[in-house]
Amino acid sequence: MVNYGILGGYMGLRFFSALFFAAIVTVNLVYQATVVGLNPLQLVLAGTLLELTSFLFEIPTGIVADLYSRKLSVIIGVILVGIGFMVEGLNPTFAAVLAAQIIWGIGYTFISGAREAWIADEIGEKYAGQAFMKGQLAAQAGTFAGIAASMFLANIDIRIPIVIGGLFYALQAVFIGLFMPENNFIPTPARKRETFQSMKNIFVKGIVSVRKNNILLAIIVTGAIFGMFSEGFDRLWTPYMLQDFAFPAIGNLKPVVWFGIISMVAAVLTAIITVGFNRKTNTADHRSTVKALLAANILLVVFVVGFGIARGFAAAVMMYWFAAAFREIRDPLYNSWANQNVTSNLRATVFSMCSQANAFGQVIGGPILGIVAVAFAVKTGIIAAGLILVPALFFYIYSIRNHKLAGN
């Protein structure tokens, strides 16, 4: 029987976490670019530091969730994430921004994996999938509410949604501690815990698998390519809009409100396009999935490059909306593609390698695109980000023509 108390608490946690986080990140890059005064390279370097922090602390922070308490791990995580954003919002300096990335990056690793594992333990494996789906819907609702709140608060002062959002994100620890139980925690046996040695073993095992199957190589390489693209694009689009375009006036509202509007429309468009792709794609079929992935990535290249060469605010926003949508729908298609090409004994290894490849791509590609943006122009960095994706198209075409299940 479903534990509706823990389910309700989980949905509430997902809703408010998404609300507070969306309130912050809707204006965070605008704050960094305008109030703190970061240039494109500094913006990208901040993102790169965040990725490095998350990658390096994923294993050490996992010890808390494995040995002591997943609930405790989540509590520590929300407190650190909230503190990180408050540090950034209260101290408009590059040093504070970098410190914030480290603090909230570590906090994220305490939450990552521990929250869903905790809920699965409490609600039962049978009902966990249903709980996660409802949690995702709650998070989507929270995101829309957070964007709206961010627009309202940022029109008063752009620092308010960052500081207040960080404060309330941290205060979720009180709600978790008082109202969400942990009764079924069992420490993870030593042989099943993630360690740096286990990461090495995963890497070695993955390399052996990749050498036997070119499709796996394509999956890993395209993951790294997408990481190179995403870190630069996600960090550069905001300064590009601020520097290259004049924002139309909306009454007495500040231009920062436009970023909330852009984010909300992008979310709606993403949902619509996702439904369309889901209807046309059989994600259980390799060829259908990779054709959809190829189409999504071709359109992503077109709209990202179109965004970089746009003339006029309306054209740029339209290009960004579609670029953001195709960027998001790529993820579930990519995961389906990876899932189809491995047997169960290799699945965890391959997904771990995909995650590592993406992180590696972000750490390498982000600074390169930041240097391009500073040396030439931000729009050049945007265009370069789009063109980085082109080699991945050939890997998708190869995969359509050659399909062999890894492990067979």
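The values are calculated or read from the model by the stated rules, or taken from the named source; none is laboratory data. On a predicted model such as this, the values are computed, not experimentally measured, just so you know. Backbone-built Cβ (ideal geometry, glycine too); neighbour counts: all protein chains shown. To get the accessible areas, we keep the full protein, side chains included, count just its heavy atoms, and leave off ligands, DNA and RNA. Shrake-Rupley method; radii C 1.70, N 1.55, O 1.52, S 1.80 Å.
Take Ile106 and tell me if it is within 21 Å of Val25 (Cβ to Cβ) and surrounded by 18 or more Cβ atoms within 10 Å (Cβ to Cβ). In short, yes.
From the list Ala65, Ala22, Ala18, Ala46, which one is in a helix (DSSP H, G or I) and more than 22 Å from Gly113 (Cβ to Cβ)? Walk me through it before giving the result.
Values: Ala65 fails: more than 22 Å from Gly113 (Cβ to Cβ); Ala22 fails: more than 22 Å from Gly113 (Cβ to Cβ); Ala18 fails: more than 22 Å from Gly113 (Cβ to Cβ).
Step by step, each of Ala65, Ala22, Ala18, Ala46 is checked, and only Ala46 is in a helix (DSSP H, G or I) and more than 22 Å from Gly113 (Cβ to Cβ).
Filtering Leu242, Leu300 for residues that are within 26 Å of Ile147 (Cα to Cα), modelled with pLDDT of 90 or more, in a helix (DSSP H, G or I) and open to solvent by less than 40 Å² (accessible area, probe 1.4 Å) leaves a single hit, Leu300.
Looking at segment 149-158 only, could you name the residues that are open to solvent by 50 Å² or more (accessible area, probe 1.4 Å) and assigned to a helix (DSSP H, G or I)? Full working, then the answer.
Applying the first criterion (open to solvent by 50 Å² or more (accessible area, probe 1.4 Å)) to segment 149-158 yields 152, 156.
Within segment 149-158, just Phe152 meets the criteria.
Within segment 120-144, the set of residues being buried (at least 16 other Cβ atoms within 10 Å of the Cβ), among the aliphatic types (A, V, I, L, M) and out of contact with any Lys or Arg (no Cβ under 9 Å at 6 or more places or on another chain) comprises Ala120, Ile123, Ala128, Ala131.
No other residue among Gly8, Gly37 is open to solvent by 30 Å² or more (accessible area, probe 1.4 Å) and not in a helix (DSSP H, G or I) apart from Gly37. Suppose the filter is in contact with a helix residue (DSSP H, G or I) (Cβ under 8 Å, 6 or more places away or on another chain), under 30 Å from Ser336 (Cβ atoms) and modelled with pLDDT of 70 or more; does Gly146 pass it? Spelling it out, Gly146 is indeed in contact with a helix residue (DSSP H, G or I) (Cβ under 8 Å, 6 or more places away or on another chain), under 30 Å from Ser336 (Cβ atoms) and modelled with pLDDT of 70 or more. When each of Leu389, Leu393 is tested for being modelled with pLDDT of 85 or more and over 20 Å from the mean Cα position of the chain (by Cα), the lone residue that passes is Leu393.
Looking at this structure, is Ile215 at pLDDT 95 or above, of a type in the set (A, V, I, L, M, F, W, C) and surrounded by 15 or more Cβ atoms within 10 Å (Cβ to Cβ)? Quick ask: steps written out before the conclusion?
Values: at pLDDT 95 or above: no; of a type in the set (A, V, I, L, M, F, W, C): yes; surrounded by 15 or more Cβ atoms within 10 Å (Cβ to Cβ): yes.
For Ile215, the condition - at pLDDT 95 or above, of a type in the set (A, V, I, L, M, F, W, C) and surrounded by 15 or more Cβ atoms within 10 Å (Cβ to Cβ) - is not met.
For segment 74-88, the count of residues that are assigned to a helix (DSSP H, G or I), open to solvent by less than 50 Å² (accessible area, probe 1.4 Å), farther than 16 Å from Ala173 by Cβ and touching a helix residue (DSSP H, G or I) at 6+ places or on another chain (Cβ under 6 Å) is nonzero.
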